[in-house]
Ligand SMILES: [Zn+2]
C-alpha cells in the first residue's frame with residue numbers, strides 16, 4: 001500500500017510526501033528548498049512513491065534482527081565460557097613437603113620389606129635423579145591438562161562471542177543505511 005506520493009521540486013528531484021503532510025510544507029532533500037505541499041486530493045494525483053523497503057524501515061528491521069541475533073549468539077558463547085570457568089576443576093593441591101613426609105612415614109609403617117625395596121627402586125631412585133619438583137602425579141598432570149584445555153576453550157568462546165557481536169554491529173550499521 002503506497003500512501004506516499006512524489007512531489008516534484010524545481011531542482012528536478014522528487015520529494016516523497018505522506019498524507020499527513022498534505023497542505024503543509026516539506027523540504028527538498030536534494031536542494032533544501034521549502035515546498036508547498038498540495039492538499040490531500042491533489043497529492044493523490046501525483047505519482048506514487050515507490051515503496052523502498054530500506055526507507056520504510058525494512059532495512060532497519062533486518063539490521064536490528066541481525067544485531068539481535070548476533071548479540072544472542074554472543075551472549076550464548078560468553079555464557080558458555082562463563083559456565084566453563086565456573087565448572088573448571090580445582091587445581092591440584094600445591095606440593096607440601098610436610099604432608100608428603102607424613103604420608104611417606106604412614107606408608108612405610110604399613111609396608112613389607114619387599115614393598116620398601118620396590119618403593120626404593122621405582123620411586124626414590126627416579127626421584128633422586130629427577131628431583132622433587134618434577135614429581136607431579138599423573139592425576140595432577142591430567143587435572144592441570146584439563147584446566148589448560150578448559151581455559152583455551154573459554155578463550156575461544158569469548159573470542160567467538162566478540163566476533164559475533166562485532167559482526168552483528170557491523171551488519172546493523174551496514175543494513176541501516
Ligand atoms: Zn529541490
Mind checking which of 72, 156, 15 has the largest fluctuation in a GNM of the chain, springs on alpha carbons under 10 Å?
15
Within the set 152, 17, 108, GNM on the chain using Cα springs under 10 Å gives the largest fluctuation to 108
At 222 nm, what helix-only mean residue ellipticity would the chain give, in deg cm²/dmol to the nearest 500, using -39500 (n - 2.57) for each DSSP H run of four or more?
-18500 deg cm²/dmol
Rank the residues 45, 118 as a footprinting-exposure proxy: fewest other Cβ atoms within 10 Å of their Cβ go first.
45, 118
Arrange 140, 109 by Cβ neighbour counts within 10 Å, fewest through most, would you?
109, 140
To the nearest 10 degrees, the tilt of helix 97-110 (Cα long axis) against the first principal axis of the alpha carbons of the chain is 50 degrees
Percent relative contact order of the chain, based on C-alpha pairs within less than 8 angstrom and at least six residues apart?
29 percent
For 102, 73, which order do you get if you count the other beta carbons within 10 Å of each Cβ and list the fewest first?
102, 73
Cα-based Debye curve of the chain sampled at q = 0.16 Å⁻¹ gives log₁₀ I(q)/I(0) of -1.00
Using only the alpha carbon atoms of the range 65-162, find the Kirkwood hydrodynamic radius as the inverse mean reciprocal pair distance, in angstroms to one decimal.
17.2 Å
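Computed from the coordinates by the stated procedures, all read-outs in this text should not be read as laboratory data. What you see is a predicted model, and the numbers here were worked out from it, not measured in a lab. Cβ coordinates were reconstructed from backbone atoms using ideal geometry, including for glycine residues, and neighbour counts include every protein chain displayed.
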